[in-house]
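Remarks on the structure that follows.
The values are calculated or read from the model by the stated rules, or taken from the named source; none is laboratory data. Treat the numbers as computed from the prediction; the structure is a model and nothing was measured. FYI the Cβ positions are ideal-geometry reconstructions off the backbone, even for glycines, and counts take in every protein chain you see.
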Amino acid sequence: MRRSRGPRRSPTSTTARSRSGRSSTCRRCSSSVPHPEVAEVFGAQWPRLVATLRADLGDFDLAEDAAQHAFAVASERWHADGLPGAPGAWLLTVARRWAIDQARRDVRWARREDDVRAALELPQRDRGPISDDLLAMIFGCCHRALDESARVALTLRYVVGLPTASLARSFLVSEATMAKRLVRAKKKIAASRVPFEVPDRDLLADSLDDVLKVVYVIYTQGHAAPTGELVRGDLCDEARWLAGTLCDLLPEEPEAWGLASLLAYTDARRPARLDADGEVVLLRDQDRSRWDAEAIAAGRRLLARALALRRVGPYQLQAAIAGAHASAPTFDDTDWRTIRRLYAVLARLEPSPIVSLNEAVAAALSEGPESGLALLSPIAEELDGYHYFHLARADMLAATGERGAARAAFDRALALCENETERRTIARVAAERTP
């Protein structure tokens, strides 16, 4: 189920989510959804409906089939009769009735008819809030028993509601391949008895970190895709929506707010990252008047909310770094010294060679290329297969006048980079920096 066309607010009122250019057709059923208000309801209700049905039935397939049926019926009834007063409850009632009927008639579910009926007829007062079902499904889809690709696929399929065909296009695989990936993931869930529940408070931090990593990976896939189109705005939008949902569901978790802030700040640059021909515009050359002021303001509000909870974590530090970039009127006005200090703190809190690489870049820009090169040496072997390492090193070498070494580093970056758009940019920069 794709959400409606046009700008939309994310679940948290402080995070914007653009839906421009989308069709207002219900992709879960064959009928069109002609009225934007109906499409908006479909978008808002799909993840909650599937989550509730999955919690009731303990099965993704039956839950999804029931939800699809409810949306198909709604697309016809609501077009004729208008929206009901409580559309979520209306959809849930239709889906539950269909599930009971299906359990009676379909051989796949016949043996479970009594279980299905008992689950669906459970009094509402004995159930938790629907938001609990959604949060439990998010934690289940992102469980560490699953590999990263499975977590991402399940989250986009069942929490966000992307059709399998759309998922396949986003990750440049066939629809059949993506369908098999989802089947394997669901089998792994069953075999490993992955719990679909909100972890207890003493386990929440680790489990939430798994969820936040999945959201971050989804955004990264959209922000800088390894192959195909460099920027996939739909994945960026979905990641921001997920981050906003987590803020709504877990308002006392500062890292959820920190991630939402980081994505808002980073996404603000999206309008300026490619030129009219689809070529990359480097950060130093971007027209900052094209940056999304609303997204920057959202990032600022979200970070303030995170910091008010007084438990600083990695995503909040990264958001602060992104905020430092966003607040600079020009590239030359960027406070690189503060950015370097923030990366140094981040490296102590969550050591990684990527963080060290970013600290080296900030050092080169605040203290000179020699300082940056000195910080690159300890991570050279570990990041030898990472093209951004060689690109950063090439830029620093060129700044010191070592053209031959810089050219070799540019060549290494080119050899490792798989995205054709990005390769053209590297070749162009190499020609400019090492004439």
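How many residues does the range 289-307 contain that are within 30 Å of Pro351 (Cβ to Cβ) and free of Cβ contacts under 8 Å to residues at least 40 places away in the same chain? So the count comes out to 4. Can you pull out every residue in the range 223-245 that is touching a helix residue (DSSP H, G or I) at 6+ places or on another chain (Cβ under 6 Å) and either of a type in the set (A, V, I, L, M, F, W, C) or at pLDDT below 90 (or both)? Hits for the range 223-245 are Leu230, Arg232, Leu235, Cys236, Glu238, Ala239, Leu242, Ala243. Say we look at the range 111-140 and pick out the residues that are more than 12 Å from Leu62 (Cα to Cα), hydrophobic (A, V, I, L, M, F, W, C) and at pLDDT below 85; which of these is farthest from the chain's Cα centre (by Cα)? By that ranking, first place goes to Ala118.
Taking the range 339-375 as the search range and keeping residues that are over 15 Å from Tyr315 (Cβ atoms) and in contact with a Phe, Trp or Tyr (Cβ under 7 Å, 6 or more places away or on another chain), which one is surrounded by the most Cβ atoms within 10 Å (Cβ to Cβ)? My answer is Ala362.
Looking at the range 56-97, which of the residues that are among the polar types (S, T, N, Q) and out of contact with any strand residue (DSSP E or B) (no Cβ under 9 Å at 6 or more places or on another chain) is modelled with the lowest pLDDT? Step by step, filter the range 56-97, then rank; the result is Gln68.
Each residue in the range 411-435 was checked for being buried (at least 18 other Cβ atoms within 10 Å of the Cβ) and part of a loop (DSSP other than H, G, I, E, B), and 3 pass.
Determine if the range 281-296 includes at least one residue that is surrounded by 24 or more Cβ atoms within 10 Å (Cβ to Cβ) and among the aromatic types (Phe, Trp, Tyr). Within the range 281-296, not a single residue is surrounded by 24 or more Cβ atoms within 10 Å (Cβ to Cβ) and among the aromatic types (Phe, Trp, Tyr). Only a single item in (1) modelled with pLDDT of 50 or more; (2) part of a loop (DSSP other than H, G, I, E, B); (3) of a type in the set (A, V, I, L, M); (4) closer than 30 Å to Trp257 by Cα is not met by Met1, and it is number (1). Considered as a group, the residues in the range 381-410 that are surrounded by fewer than 16 Cβ atoms within 10 Å (Cβ to Cβ) and not small (Gly, Ala, Ser) include one that is farthest from Ile354 (Cα to Cα), and that residue is Arg403.
For Asp292, the requirement of being under 30 Å from Thr245 (Cβ atoms), at pLDDT 95 or above and not aromatic (Phe, Trp, Tyr) is met.
Can you find a residue that is in contact (Cβ under 8 Å) with a residue 40 or more places away in the chain and either basic (Lys, Arg) or closer than 26 Å to Glu422 by Cβ (or both) anywhere in the range 186-207? The answer is yes, given that some residue of the range 186-207 is in contact (Cβ under 8 Å) with a residue 40 or more places away in the chain and either basic (Lys, Arg) or closer than 26 Å to Glu422 by Cβ (or both). Just give me the residues in the range 234-265 being among the acidic types (Asp, Glu) and outside any helix (DSSP H, G or I), in sequence order. Result: Glu252, Glu253. Could you tell me whether any residue of the range 216-229 is charged (D, E, K, R), out of contact with any Asp or Glu (no Cβ under 6 Å at 6 or more places or on another chain) and either surrounded by 19 or more Cβ atoms within 10 Å (Cβ to Cβ) or part of a helix (DSSP H, G or I) (or both)? No, every residue in the range 216-229 fails to be charged (D, E, K, R), out of contact with any Asp or Glu (no Cβ under 6 Å at 6 or more places or on another chain) and either surrounded by 19 or more Cβ atoms within 10 Å (Cβ to Cβ) or part of a helix (DSSP H, G or I) (or both).
From the list Ala165, Ala185, Ala153, Ala179, the lone residue that is among the aliphatic types (A, V, I, L, M), modelled with pLDDT under 90 and assigned to a helix (DSSP H, G or I) is Ala165.
Taken over the range 321-358, the residue count meeting the criterion of being within 26 Å of the chain's Cα centre (by Cα), among the hydroxyl-bearing types (Ser, Thr, Tyr) and assigned to a loop (DSSP other than H, G, I, E, B) is 1.
Contact annotation: residue pairs with Cβ atoms under 7 Å, 6 or more positions apart or on different chains, pairing a residue in the range 82-93 that is closer than 9 Å to Val41 by Cβ with a partner that is charged (D, E, K, R) and surrounded by 15 or more Cβ atoms within 10 Å (Cβ to Cβ), are Gly88/Arg48.
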